[in-house]
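The values are calculated or read from the model by the stated rules, or taken from the named source; none is laboratory data. The shown structure was predicted, so the numbers you read here are calculated from the model rather than taken from an experiment. Quick reminder, even Gly has a Cβ in these numbers, built from the backbone with ideal geometry, and neighbours come from all protein chains shown. SASA here: full protein model, heavy atoms, side chains in, ligands and nucleic acids out. Shrake-Rupley method; radii C 1.70, N 1.55, O 1.52, S 1.80 Å.
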Amino acid sequence: MAASIKGLAKQIAIAGGLETANLLRAAGVMRGARGLGAICTLHHVRPREETAFAPNAHLEITPVFLDLVLDRLMSDGYRFVALHEIPALLSQTGSSQPFAAFTLDDGYRNNLVYALPIFEKYDAPFTVFVAKGLAERTHTIWWETLAALLRREERLGFDFGSGHEMLDITTTEAKGRAFARIASHLHRHDERAAVAAIDLMARKHEIDPDEIVDDLVMTPAEFNLLEASPLASLGAHTISHRAISRLSDQEVRDEMEVSRDYVAAITGHRPGSFAYPYGTREAVTQRQAQIAREVGFDLAVTTQAGVVTKRSLNNMTYLPRLSINGLYQKVRYVSGLASGIPFRFAPNRS
């Protein structure tokens, strides 16, 4: 219960900060905080499914909300640009109109079904980042598998390193604690082994992790269909979707190069952009940003919150993004976030 209250308190605090930022923006305060533009992060775009246990709710927004976001940003004076245009835009001088670029990670099928028509409505370019292992069904999506497993069961066993431990997950709060604990274990130990353990546990409970991927992620043919739109482009997102800060330099290079070449095989040309899995400060460092440059990416994006400024030209493979977060589906929050005002109080340190 304490963890649940803490999580709710955090959400309330973030919402309050976004409300304040939007009010300051509307009052014309701190106009220079918005920088030159913003890169927005999305994952799922799909109709809401009501469920008591939704640990990944932050990763999905409804099509209606995406429509409202685009309409609001246009009303706020943003011009919509393709991700690959950003280096040139940062080199220009004289333009005072901010830009917004849209990115969607992991290649979910709902990006094609629900997001594409909305981007077409607003003539807004967007980039979908493709993880080869998900597109080829050689890797699984552990956070979706774990959510499905916890949603179904009331007791579950897991080895956190000290032997098999039974978890009581009879309540929604207990399920949330178990999800957070297993996720924390995964991020602190061998990620490949932890994912394998989650998948094995799921199969024992008659949940097929491969079927989950097949249900959610586009095939190469669907990526081709998406990329046929003049508004859509594809970027690279590794093979395995592991936190690359914990891999050797050679593993990082392999993950980047193989995913780059995989996207090139789909589209007929090498992608210039890359998205780091998870994208947090713990998941990617400046060392991996340097490798991204060496591999030949023009830009690479994190999930670290911030707006794009002139200084970003010196760090094009470690760019911040703004999360269009499913827990905060109010358009005034998007205006507050894009204003850059929240980052004046908690600045991006990259």
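Overview of results
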{"read-out": "Label-to-label distance, nm, for residues given as residue 79 and residue 50 (7 Å Cα→Cβ offset)", "value": "4.5"}
{"read-out": "Rounded Å value of the spacing that divides the Cα centres of segment 136-170 and segment 210-229", "value": "26"}
{"read-out": "Most to least accessible of 190, 199 (protein chains only, probe 1.4 Å)", "value": "190, 199"}
{"read-out": "FRET efficiency for residue 261 and residue 97, using Cβ-Cβ distance with R0 set to 41 Å, rounded to 0.05", "value": "0.70"}
{"read-out": "The chain: antiparallel DSSP beta bridges as a percent of all, rounded to 5", "value": "20"}
{"read-out": "Mean shadow area of the chain over all directions, Cα convex hull, nm²", "value": "17.1"}
{"read-out": "Charge dipole (debye, nearest 20) of the chain; +1 at Cβ of Lys and Arg, -1 at Cβ of Asp and Glu", "value": "1620"}
{"read-out": "Charge dipole (segment 113-158, unit charges on Cβ, about Cα centre) - positive-most of 129, 119, 147", "value": "147"}
{"read-out": "Distance-filtered residues of segment 246-261 - backbone nitrogen under 17 Å, label point 7 angstrom along residue 190 Cα→Cβ", "value": "246-248, 251"}
{"read-out": "Over segment 92-199, relative contact order from alpha-carbon pairs under 8 Å, at least 6 apart, %", "value": "19"}
{"read-out": "Over 31 Å between alpha carbons, listed pairs 121/175; 132/310; 121/330", "value": "121/175; 132/310"}
{"read-out": "Computed over the chain: relative contact order in percent, which uses C-alpha pairs under 8 Å that are six or more apart", "value": "26"}
{"read-out": "Interchain or long-range residues, amide H under 5 Å from residue 317's placed H", "value": "300"}
{"read-out": "Area accessible to solvent at residue 233, 1.4 Å probe radius, in Å²", "value": "40"}
{"read-out": "Under DSSP loop assignment and at most 13 Cβ neighbours within 10 Å, longest GluC sites (Glu not before Pro)-free interval of the chain", "value": "51-153"}
{"read-out": "Residues whose placed amide H lies under 5 Å from that of residue 40, excluding near-sequence neighbours", "value": "101, 102, 103, 322"}
{"read-out": "FRET efficiency, 1/(1 + (r/R0)^6) with R0 35 Å, evaluated for residue 221 and residue 330 via beta carbons", "value": "0.45"}
{"read-out": "Cβ-Cβ FRET estimate between residue 270 and residue 200, R0 fixed at 25 Å, reported to 0.05", "value": "0.10"}
{"read-out": "Per-residue HN-Hα couplings for segment 72-87 [Karplus 6.51, -1.76, 1.60; θ = phi - 60°; Hz; x = Gly/Pro]", "value": "5, 5, 5, 5, 6, x, 7, 9, 8, 10, 6, 4, 5, 7, 4, x"}
{"read-out": "Potential extension, residue 58-residue 287 segment - 0.36 nm per residue separation minus Cα distance", "value": "79.6 nm"}
{"read-out": "Low-density loop cleavage sites - trypsin sites (Lys or Arg not before Pro) in segment 253-350, where at most 16 other Cβ are within 10 Å (DSSP)", "value": "281, 330, 349"}
{"read-out": "Alpha carbon convex hull of segment 55-203, projected area averaged over orientations, nm²", "value": "11.9"}
{"read-out": "Size of electric dipole in segment 83-195: Cβ of Lys, Arg +1 and of Asp, Glu -1, about Cα centre, debye, nearest 20", "value": "140"}
{"read-out": "Helix 142-152 vs. the chain, principal-axis angle (Cα, 0 to 90°, nearest 10)", "value": "50"}
{"read-out": "Calculated from backbone phi, Karplus (6.51, -1.76, 1.60) coupling profile of segment 106-114 in Hz, x at Gly/Pro", "value": "5, x, 6, 4, 5, 5, 6, 6, 10"}
{"read-out": "Expected 222 nm ellipticity per residue - DSSP helices of 4 or more, -39500 (n - 2.57), all of the chain, to 500", "value": "-13500 deg cm²/dmol"}
{"read-out": "Residue-wise HN-Hα coupling along segment 257-264, computed from phi with Karplus coefficients 6.51, -1.76, 1.60 (Hz; x: Gly, Pro)", "value": "5, 5, 5, 4, 5, 5, 5, 4"}
{"read-out": "Cα-based Rg / Dmax (Å) for segment 147-295", "value": "18.1, 53"}
